[in-house]
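Inspection log for the structure reproduced underneath, given as structure tokens.
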There are 6 protein chains.
Amino acid sequence: MAVSVCRRAHFNAAHRLYNPKWTDEKNQEVFGKCNNYNYHGHNYELEVWVTGEVDEETGYVIDLGYLRDVIKTEVEDRFDHKNLNLDTEEFKNLIPTAENISIVIWNKLRSRLENKFELKVRLYETPRNFVEYGG
Amino acid sequence: MAVSVCRRAHFNAAHRLYNPKWTDEKNQEVFGKCNNYNYHGHNYELEVWVTGEVDEETGYVIDLGYLRDVIKTEVEDRFDHKNLNLDTEEFKNLIPTAENISIVIWNKLRSRLENKFELKVRLYETPRNFVEYGG
Amino acid sequence: MAVSVCRRAHFNAAHRLYNPKWTDEKNQEVFGKCNNYNYHGHNYELEVWVTGEVDEETGYVIDLGYLRDVIKTEVEDRFDHKNLNLDTEEFKNLIPTAENISIVIWNKLRSRLENKFELKVRLYETPRNFVEYGG
Amino acid sequence: MAVSVCRRAHFNAAHRLYNPKWTDEKNQEVFGKCNNYNYHGHNYELEVWVTGEVDEETGYVIDLGYLRDVIKTEVEDRFDHKNLNLDTEEFKNLIPTAENISIVIWNKLRSRLENKFELKVRLYETPRNFVEYGG
Amino acid sequence: MAVSVCRRAHFNAAHRLYNPKWTDEKNQEVFGKCNNYNYHGHNYELEVWVTGEVDEETGYVIDLGYLRDVIKTEVEDRFDHKNLNLDTEEFKNLIPTAENISIVIWNKLRSRLENKFELKVRLYETPRNFVEYGG
Amino acid sequence: MAVSVCRRAHFNAAHRLYNPKWTDEKNQEVFGKCNNYNYHGHNYELEVWVTGEVDEETGYVIDLGYLRDVIKTEVEDRFDHKNLNLDTEEFKNLIPTAENISIVIWNKLRSRLENKFELKVRLYETPRNFVEYGG
């Protein structure tokens, strides 16, 4: 009787898509406007899905207050109102595409949840572009 | 060639999270504001997903008019504008968390659908907290 | 050069529409399901609009952090996860329709804002029913 | 390390649900208002989900610019501002239910994507009725 | 102490923008894809705003149940699942642009509301194009 | 018989709130996280409202295709995927708050519209913070 529960969160950040091994021309060709030298930015909307058994005593899969605090510590405090390329360790050497951001977030949250839970994250970069990662 | 079809519905209800086996202190510690003695409430948004083969004659997986009527009878007429703890049989002895509400709704809808269909429900308690259950 | 700025907030509450001067029959006739004896509830979404001149030094009409704190103190702390009829002074003798809730909220916020600002509130009771009040 | 990426698109179209093998009475009984002789219409919102490995060089699963162009050619140019029954080859002999439209779109997109990718489409016919198809 | 209350509704319809006094070329030039000979369609979302004093006895500006019934009779029953050009009297000789549809709806609703109320309608033709009319 | 028509658009940009006349401490105190030295960013959603008489020949207040092109030239081409502080002339010496961005956009669009039209813009910086300016 596994139920999935979801908590939404968000953070605003600047980023630039750029592969330092490539020439400027190749970066422009592959990443286009997302390669803008001085960065651009997004309102990232995050859905964190945790799947597990419902606890009979509480009726909860997981305490959403705990989940909210984990998301705050691991995601919002780290990435909100930041430049992902310049202000974070995670994306110093990793291109901050939505795909890579979702993997980084998943890994951080995974380490804070008990093994009995399954975890999936969905990240909206814009209302028209979004990604999903489940490990 | 299985296709999933979804119908959205909604209901407004009051509830309180409370485990009668526990002290008031423990209830407050676990459920916080959701334990408010005089109840609080939500606009519940429900997605009902039915998966099956597409009928060649109709182009439908299932008649959505039938599905709408089943949702009305089993969910809306029962829970809309109600106090889940006081006005319903289902939650007299079951804590009305979003997880438990989704299981109750799934069971009711499951019994009204042919076995050839798969069923999943998603229940939004608020725009930021929601759950999903598929049996 | 007046600009309007808006901050959204939300709170969840139970309520019941009921006029104590009327018979049960009349209450049922006028308020229907909203008259349910044991209450029902909503996710209230609130928009607070403040209009004023843009400050040249800050580029702000008003510090949205201040506005957020005022909304938290005057609205969220007072009404979130409450039964409006039973848990609040404001609706002990006032029917908690969306219209009356918006007027109560407007009056509370008005008293916390400088006179140079215009104020308007919009309150969503459900995604299909909402009200607006500007004094 | 498979990640799913989604691109949203939309198109507006007229359609009519009608099975030419049936009598008018049977069509009316099964399809109701959707059988209106002179057509009605919808704003179709489309989500295209592509699942694959993240490319280390780009941080992308797939170039969303390429995906956007494929959706434009295969879906928008073909169906936007069209009468699905009269203006398209695809629905000359196929009832344009949301189920069938999603299968047609999936087949068109599948042929334009490398085999290494998984594909799923979700089609919103209205905000309350939608379907999903993954092959 | 005037408060505005809003009720949302929706209808799906086919239409075509076409001025019979013009040549086909001019119609194509002015209306482009919206001139498609065989029609296209939309999910129209309607907001009906009524402004008036709050009744002390009910806490209501207007009975939203009455407003819902008026919208059903005057708008939904007339236009839902219809071809606006072919199936309605209103647009036999009037181009069914969003502007004209909003004026037609406003006139119909105005005649069903007491003079003490102000009326405004907002009509979403798509999520990106919408209009507003207040008489 | 004035009708208002609205067209939505969007752009993604990085920015930083910072007054060069102030000390770092004062900037931090006033602008908080929005003062982040390396910028952060947003998905800006823009609504452009134009009010005027409905043309009898077209049924339009204004050709939305023209309006879309003006928004593209004046707003999207200028600000999309840009760093507002570094990449634009407009915000070299003007703090890019939502208030100031809306005034800049309004002025640009105003100069491209005939005098007979009224103009209002609404700019969403996040789903919870937005501004409106009408000249």
* Ignore the peptide's own chain and count Cβ atoms of other chains within 10 Å of each Cβ in D:59-69; give me the average, rounded. => 4
* **Virtual paramagnetic centre 7 Å along Cα→Cβ of B:GLU118, amide N under 20 Å, in segment B:44-61** => B:47-56, B:60-61
* Structure fact -> 1/(1 + (r/R0)^6) with r = Cβ-Cβ of F:ASP77 and B:ASP55, R0 = 51 Å, i.e. FRET efficiency to nearest 0.05, evaluates to 0.55
* To do: Ignoring everything but the protein chains, give the 1.4 Å probe accessible area of F:SER4 in square angstrom, nearest 10.
  => 20 Å²
* Residue (of B:ILE95, B:THR51, B:ILE71) at the positive-pole extreme of chain B, dipole from beta-carbon charges -> B:ILE95
* Structure fact -> Treating only Lys and Arg (+1) and Asp and Glu (-1) as charged, each at its beta carbon, one finds that the protein assembly as shown has a dipole about its Cα centre, in Debye to the nearest 20, of 0 debye
* **Given charges at beta-carbon only (K, R positive; D, E negative), |dipole| of segment A:2-133 in Debye** => 480 debye
* Relative contact order for chain E using alpha-carbon pairs under 8 Å, separation at least 6, rounded to a whole percent? -> 30 percent
* To do: Run the 1.4 Å probe and let me know the accessible area of E:ASP80, rounded to the nearest 10 Å².
  => 20 Å²
* To do: Report, in debye and to the nearest 20, how large the dipole of segment C:65-135 comes out about its Cα centre when Lys and Arg carry +1 and Asp and Glu carry -1 on their Cβ.
  => 160 debye
* If one computes the Cα centroid of segment E:115-132 and of segment D:1-78, what distance in Å separates the two points? -> 28 Å
* Asked: Where does chain B land at 222 nm, in deg cm²/dmol rounded to the nearest 500, when only DSSP H runs of n ≥ 4 count, each adding -39500 (n - 2.57), divided by all residues?
  -> -6500 deg cm²/dmol
* Looking at segment B:8-75 from every direction and averaging, what is the projected area of its Cα convex hull in nm²? -> 6.6 nm²
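Count neighbours as other Cβ atoms within 10 Å of each site's Cβ, and list the trypsin sites (Lys or Arg not before Pro) in segment D:1-104 that are DSSP loop with at most 14 such neighbours.
D:LYS21, D:LYS92
Give me the Å³ per residue figure for the convex hull around the C-alpha atoms of chain F.
Values: hull volume 14.8 nm³, N = 135.
In chain F, the Cα hull volume divided by residue count equals 109 Å³.
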* To do: Over the whole of A:15-21, what's the average partner chain Cβ count within 10 Å per residue? Rounded to a whole number, please.
  => 2
* Structure fact -> Hull surface over four for the Cα convex hull of the protein assembly as shown, reported in nm², is 35.6 nm²
* Taking the simple approach of a point 7 Å from Cα along Cα-to-Cβ for both B:THR126 and C:TYR37, what is their distance in nm? -> 3.1 nm
* Asked: Within the set C:LYS33/C:LYS72; A:LYS120/B:LYS120; F:LYS21/F:LYS92; C:LYS33/E:LYS120; C:LYS120/F:LYS26, which residue pairs have Cα atoms separated by over 19 Å?
  -> C:LYS33/C:LYS72; C:LYS33/E:LYS120; C:LYS120/F:LYS26
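The values are calculated or read from the model by the stated rules, or taken from the named source; none is laboratory data. No experiment lies behind these values; they were computed from the predicted model shown. Ideal geometry is used to build each Cβ from the backbone, glycine not excepted, and the neighbour counts take in all protein chains shown. The area values use the complete protein model at the heavy-atom level, side chains included, leaving out ligands, DNA and RNA. Shrake-Rupley method; radii C 1.70, N 1.55, O 1.52, S 1.80 Å.
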